[in-house]
1. Report the charge-dipole magnitude of the range 1-80 in Debye, nearest 20, computed about the Cα centre from +1 at each Lys and Arg Cβ and -1 at each Asp and Glu Cβ.
2. Could you size up the charge dipole of the chain around its Cα centre, putting +1 on the beta carbon of Lys and Arg and -1 on that of Asp and Glu, and report it in debye to the nearest 20?
3. Can you find, among 97, 48, 74, the residue sitting farthest towards the positive end of the charge dipole of the chain, where Lys and Arg contribute +1 and Asp and Glu -1 at Cβ?
4. Classify the range 1-115 as rounded, prolate or oblate from the Cα gyration tensor: take a ≥ b ≥ c as the square roots of its eigenvalues, call it rounded if a/c is under 1.5, otherwise prolate when a/b beats b/c and oblate if not.
5. Under the rule a/c < 1.5 gives rounded, and otherwise a/b versus b/c splits prolate from oblate, where does the range 1-43 land using the Cα gyration tensor?
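Throughout, read-outs are computed from the coordinates displayed, never taken from laboratory work. The structure displayed is predicted, hence computed values, not measured ones. Cβ placement follows ideal geometry from the backbone for every residue including glycine, while neighbour counts extend to all protein chains displayed.
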Amino acid sequence: MTQVNVLLVDDNLTVRKTLNEWLSRIPGVNVVAQAASGSEALSELQRTRPDLVLTNVEMSGMTGFELSLRIKQMPGAPQVVLMSGCDTLPCYETLSQLAGADAHMHKTKIYDPLCRYLTTQFGTGAPNAAIPEAYVGRA
């Protein structure tokens, strides 16, 4: 099975912990680092060389859109999935495409789409990985 190394970026510690807990349950997925900001993510990116960057859109300082643009300018750039809790999903999907992101997902409904994405893009993961207790009922 393919191993996918993930850099998880979100300014909310609870979200990072919850997503990390969930991702660690998916076969073949390895969270190699976490970052609380875009600038921290760029440093971790150089250090860890992930296959996938899973990042929040709405962060202070550098947004996820800006982070994606910077990542995609790098040689051998990893895939980038932007996530947001914003209800204006069609607008954010368009902005994500303009930022070079490979996908955009709604944060509270990320589990099924991300499992499908990991399976189709990397051949990794369980299609129905258990959702962490912290997110049950939020989707």
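1. 220
2. 240
3. Ranked along the dipole, the leading option is 48.
4. Here the range 1-115 falls in the rounded category.
5. Details: a/c = 4.44, a/b = 1.49, b/c = 2.98.
Oblate shape, in that a/c is at least 1.5 and b/c is the bigger or equal ratio.
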